[in-house]
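The values are calculated or read from the model by the stated rules, or taken from the named source; none is laboratory data. Bear in mind that the values here come from a model prediction, so they are computed numbers and not experimental data. With ideal geometry, Cβ positions are generated from the backbone for all residues, glycine too; neighbour counts draw on all protein chains shown.
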Amino acid sequence: MKMVIEGKEYEVSYSLRMYYTYELITNKTFIGGTLLSMSLLFFSALLSKYNDFQYTFDEFVDILDEDKTLLEKFVKFYMAEMEKINQETDKKKVKKKK
């Protein structure tokens, strides 16, 4: 999914690397359910993909404050990815039962 942050386009993708980055930053496994955890996961997704991502988390939060649609878009993207994974898992379970 493409996101424009301060005039620069970034491609956000779902990956294990974003979870690894999240765990390195927080020293915790991602659980979700809070604004902080979703903001950190979004930040981690960008950090893990772009070595030149120049913002600190505090600066990133300022950006999210300025454009509230960014976090909303990321959460929708994340939820859609989770839905895809759940559908794939369900299909595999059905195949195993047959």
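Let's see how each residue does on (1) among the polar types (S, T, N, Q); (2) part of a helix (DSSP H, G or I); (3) modelled with pLDDT of 95 or more:
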residue: T21; (1), (2), (3): yes, yes, yes
residue: L40; (1), (2), (3): no, yes, yes
residue: A45; (1), (2), (3): no, yes, yes
residue: N51; (1), (2), (3): yes, no, no
residue: Y78; (1), (2), (3): no, yes, yes
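Listed here are the residues, each with its yes/no results for (1) among the aliphatic types (A, V, I, L, M); (2) surrounded by 16 or more Cβ atoms within 10 Å (Cβ to Cβ); (3) in contact with an Asp or Glu (Cβ under 7 Å, 6 or more places away or on another chain); (4) touching a residue at least 60 places away in the same chain (Cβ under 8 Å).
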{"position": "E23", "(1), (2), (3), (4)": "no, no, no, no"}
{"position": "G33", "(1), (2), (3), (4)": "no, no, no, no"}
{"position": "S44", "(1), (2), (3), (4)": "no, yes, no, no"}
{"position": "D52", "(1), (2), (3), (4)": "no, no, no, no"}
{"position": "I63", "(1), (2), (3), (4)": "yes, no, yes, no"}
{"position": "M82", "(1), (2), (3), (4)": "yes, no, no, no"}
{"position": "N86", "(1), (2), (3), (4)": "no, no, no, no"}
Item to complete: Assess whether D90 counts as being modelled with pLDDT of 95 or more, exposed (fewer than 13 other Cβ atoms within 10 Å of the Cβ) and in a helix (DSSP H, G or I).
Response: no
Worksheet item: Among (1) part of a loop (DSSP other than H, G, I, E, B); (2) under 16 Å from I5 (Cβ atoms), where does L64 come up short?
Response: (1)
